[in-house]
Amino acid sequence: MSRSYLGDDCLQYLKQRQSFLWLNPNYQNRSSAPLKPDESRLYEASERLLRLAPLLKTLFGELESSGGIIESTLTYIKALNQAIDSPPGDLFLKNDHQLPVAGSIKARGGIYEVLCFAERLALENGIIENIDDDYNKLADSHARELFSRYRIIVGSTGNLGLSIGLISSALGFSVTVHMSVDAKEWKKQRLRENGVNVVEHANEYSNAVAAGREQASRDPFAYFIDDENSPLLFMGYAVAALRLKNQLEEAGRKVDEQHPLFVYLPAGVGGAPGGITFGLKAIFGANAHCFWAEPVESPCCLMGLATAASDSLPSVSQLQLTNRTDADGLAVGCASHWVCNAVRDGVSGVYTATDDELYQKLKQLHDLAQTDVEPSAAISLLGPKLLSSPTGVRYCDEHQLSEYMSNATHIAWLTGGALVPDDEYSNYLSLAEKFTK
Ligand SMILES: Cc1ncc(COP(=O)(O)O)c(C=O)c1O
């Protein structure tokens, strides 16, 4: 039996599928995070992405103008700020739904890990002499021939598979993506069009990951990207924090004791929000407040962060929750133990939301910000309002933030959507209209 820090009230909210804000009792308790990743890895990852930018520019025409850097904008939308019933401060959107190549936050971690593997193979096999060599050699025929001998394998709810499939096939790797039952048809189709082998599973995400892990264990030329347990994916996401620091400076936003930063991050298995939380805490320390967001049927990170570090993590099925949600990217039944142990002291709290609530936010983004995202991303927009709830106010009081809230920067992290086909998005909007009536 796992030891849990969840109180009776929280358990009731979870079991009743009632949306609520949970404050993490281990926040700022350093001893609760037994696995503190080395901060130097964050800077190492950032440098690696700079080295590999010329290669990415060669592989993907859409990266021409950014010189091979995959990054999204940070925007302030006045109409949204006026409409959102939130605590004081300014709300910004972090537009990862528009990240080039893969159209989701998964372009950060997924592409980074495949690049790490390609760089390692290229160095070991003399395609490049050292890290100062010309990285465009990784796109030539010798490199492609080398990469084609290896198979990249991953399990996914959709977007991670999309990012890994697209970068792997562009480099010439064989690639197999094990898709969970939640994965959308268009994501599978897009991968197949790019030569990716897609294996469809009739059950949830953890089964798809297990199938990938098992396939890889039988193949000496396989490289398994383990979404449940990957420091490399994590660091790829973490680099976002360094880039965000520059964007905040450019936007004239201070972050310090009197100018708190609140970030709202959709969470599936925990890798993407975990990496970004790690990066933000490394840069801004106690002045960055990271709240994660999960569907009421899939609160696995909340349950994972609320579990003692040495215990195995519970599945949402233990609370009779179904893990069924239209937020397909967040449909994960059991969080990453590795990620929970790495950031248990860094996450301020987790809030849950019903699908109705996130569809309302999807529509609000469409109407007021002309921003079209997938349901998983829309959940981030519910964050600011939760800070005005009694629990949110308690958090602000406990951390001596209340008097500085008018200086606060809130960031809703929009994690996916640019590649959603028009007819699929129209369906989302129709559903949203139903819920907002
Ligand atoms: C759109 C979107 N947002 C957020 C996430 C959550 O990322 P993670 O599973 O690493 O927590 C995912 C995961 O696939 C996603 O597709």
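The values are calculated or read from the model by the stated rules, or taken from the named source; none is laboratory data. Values in this document were obtained by computation on a predicted structure and should not be read as measured data. Glycine also receives a Cβ, built like all others from the backbone with ideal geometry; neighbour counts cover every protein chain displayed. Each accessible area value is taken on the protein alone, full model and side chains, heavy atoms only, with ligands, DNA and RNA left out. Shrake-Rupley method; radii C 1.70, N 1.55, O 1.52, S 1.80 Å.
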| request: Please state, as a whole number in µm²/s, the translational diffusion coefficient that the Stokes-Einstein equation yields for the stretch 16-138 at 25 °C and 0.890 mPa s, with Rh defined as the Kirkwood radius across alpha carbon pairs. | output: 135 µm²/s
| Inter-centroid distance (Cα atoms) of the stretch 133-203 relative to the stretch 225-279, Å | 25 Å
| query | When the Karplus curve 6.51 cos²θ - 1.76 cosθ + 1.60 is applied with θ = phi - 60°, which whole-Hz ³J(HN,Hα) does each residue of the stretch 118-132 get, with x for Gly and Pro? | reply | 5, 5, 4, 4, 5, 6, 5, 9, x, 5, 10, 7, 7, 6, 9
| query | Between residue 85 and residue 148, what FRET efficiency follows from the Cβ-Cβ distance if R0 is 51 Å, with the result rounded to 0.05? | reply | 0.40
| field | Beta bridges per DSSP with both ends in the chain, % antiparallel, nearest 5 | value | 20 percent
| query | Considering only protein heavy atoms and a 1.4 Å probe, what is the carbon-and-sulfur percentage of the accessible area of the chain? | reply | 46 percent
| query | Mean residue ellipticity at 222 nm from the helices of the chain, using -39,500 (n - 2.57) per DSSP H segment of n ≥ 4 over the full residue count, to the nearest 500 deg cm²/dmol? | reply | -13000 deg cm²/dmol
| query | When the C-alpha atoms of the chain are aligned to their principal axes, what extent does each axis show, in angstrom, from largest down? | reply | 61, 47, 46
| Using a Gaussian network model of the chain with C-alpha springs under 10 Å, which one of 58, 325, 176 is most mobile by mean-square fluctuation? | 58
| What is the spin-label model distance, in nm, from residue 5 to residue 425 if the labels are put 7 Å beyond Cα along the C-beta direction? | 4.0 nm
| message | Along each principal axis of its Cα atoms, how long is the stretch 214-351 end to end? Whole angstroms, biggest number first, please. | response | 50, 40, 32
| query | For the stretch 101-151, what's the relative contact order in percent, using C-alpha pairs closer than 8 Å and at least 6 residues apart? | reply | 25 percent
| How much area per residue is accessible in the chain when the probe is 1.4 Å and only protein heavy atoms are counted (Å²)? | 38 Å²
| So between residue 246 and residue 435, what do we pick up on full extension, going 0.36 nm a residue minus the alpha carbon distance? | 64.3 nm
| query | Hey, got the Cα dimensions of the stretch 103-207 along the principal axes, in Å, largest first? | reply | 45, 23, 22
| message | Below 8 Å between Cα atoms, with a sequence gap of 6+, how large is the relative contact order for the stretch 156-218 in percent? | response | 37 percent
| said: Suppose each label sits 7 Å from its Cα in the direction of the beta carbon; what would the residue 197-residue 15 distance come out to in nanometres? | reply: 4.6 nm
| field | Length gained when the stretch residue 402-residue 254 is fully extended (0.36 nm per residue, less Cα-Cα span) | value | 51.6 nm
| task | State the dimensionless ratio Rg/Rh of the stretch 25-68 (Rg: radius of gyration of Cα atoms; Rh: Kirkwood radius). | result | 1.32
| Mean separation of Cα contacts under 8 Å, 6 or more apart, over the residue count of the chain: relative contact order % | 23 percent
| message | Quick check on the stretch 289-437: what are the equivalent-ellipsoid semi-axes from the Cα gyration tensor, as sqrt(5λ), descending, whole Å? | response | 26, 22, 13
| Based on the Cβ-Cβ distance from residue 69 to residue 370, what FRET efficiency comes out when R0 is 25 Å, to the nearest 0.05? | 0.50
| field | Stretchable slack from residue 78 to residue 44, in nm (0.36 nm times residue separation minus alpha-carbon distance) | value | 8.6 nm
| task | Please report the base-10 log of the normalised intensity I(q)/I(0) for the stretch 347-392, using a Debye sum with one equal scatterer per alpha carbon and no solvent, at each q in 0.16, 0.22 (1/Å). | result | -0.44, -0.75
| note | Ranked output for segments 367-378, 308-319 by mean other Cβ atoms within 10 Å, highest leading, reads 367-378, 308-319
